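Here is the structure we will look at.
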């Protein structure tokens, strides 16, 4: 091992051991000064999540505001994290940060009423067509159902991206008190068999709904939610613009909602 690599490895070890010691101190005595040091250490997570959520949002939504909301989620994660449960803090915190940002966006009611109305109309049209055709409708069929042109439909997708700031687990957890699957994980010493079966059924329904999407929609969902690519990165993979990927993402989310409503009857 060359000297430079040895120094880097040693530095990484020092950081890891230092943060573990800090967590131990905070667990023993949750003082604000220790919490603030943890917040400072994990602050890059907030910037990362805010950047992901901000991708595709209107230009008037300031990423700095998203970061500020995310800090509250990070603080909440630090105060509620239980290392004994065996979860990685980063995974837990990113869910909390994202949830805080989305809650703040929703509380501002920044989506125009007419856009919300058009979103509901489009989703109902998808449900009607899906029930009638017994398959996922094409864009052309949806446009005909809505009595608009294909270009107008794609413009509608662009507007509806305002309503599709949603994590995939939000679709699974629709109607529940918690919007995050991480928040509903049972304690290792108190497993609820019924909750496990319900969760498995939810995941099965979601997987079935995803399988009925078009190939391109499946790719977008997979790359965005499971591979954590940004819309711009997905655009490079598919050879289309970021704006077009945003439309595809919105369409996929709408179709997933329609499929899940059809399956659950809710």
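The values are calculated or read from the model by the stated rules, or taken from the named source; none is laboratory data. On a predicted model such as this, the values are computed, not experimentally measured, just so you know. Don't worry about glycine lacking a Cβ; one is built from the backbone with ideal geometry, like all the others, and counts go over all protein chains shown.
Would you mind stating whether residue 114 is in a helix (DSSP H, G or I) and more than 19 Å from the chain's Cα centre (by Cα)?
Yes, satisfied.
Are there any pairs with C-beta distances below 7 angstrom linking a residue in region 113-138 that is in the same structural domain as residue 150 (by TED's automatic domain parsing) to a residue that is in a loop (DSSP other than H, G, I, E, B), with the two at least 6 apart or on different chains, and if so which?
126/137; 129/137; 130/136; 130/137; 136/212; 136/213; 136/214
If you go through region 76-99 one residue at a time, how many are under 20 Å from residue 225 (Cβ atoms) and in a helix (DSSP H, G or I)?
Residues in region 76-99 being under 20 Å from residue 225 (Cβ atoms) and in a helix (DSSP H, G or I): 10 in total.
Can you tell me which residue is farthest from residue 143 (Cα to Cα) among those in region 249-266 that are in a helix (DSSP H, G or I) and modelled with pLDDT under 80?
Of everything passing the filter in region 249-266, 264 is farthest from residue 143 (Cα to Cα).
Counting residues that are surrounded by 12 or more Cβ atoms within 10 Å (Cβ to Cβ), at pLDDT below 80 and not assigned by TED's automatic domain parsing to the domain that holds residue 98, which helices (runs of 4 or more DSSP H) fully inside region 147-248 reach at least 3?
In region 147-248, 150-160, 168-172, 193-211 are the helices (runs of 4 or more DSSP H) which contain 3 or more residues that are surrounded by 12 or more Cβ atoms within 10 Å (Cβ to Cβ), at pLDDT below 80 and not assigned by TED's automatic domain parsing to the domain that holds residue 98.
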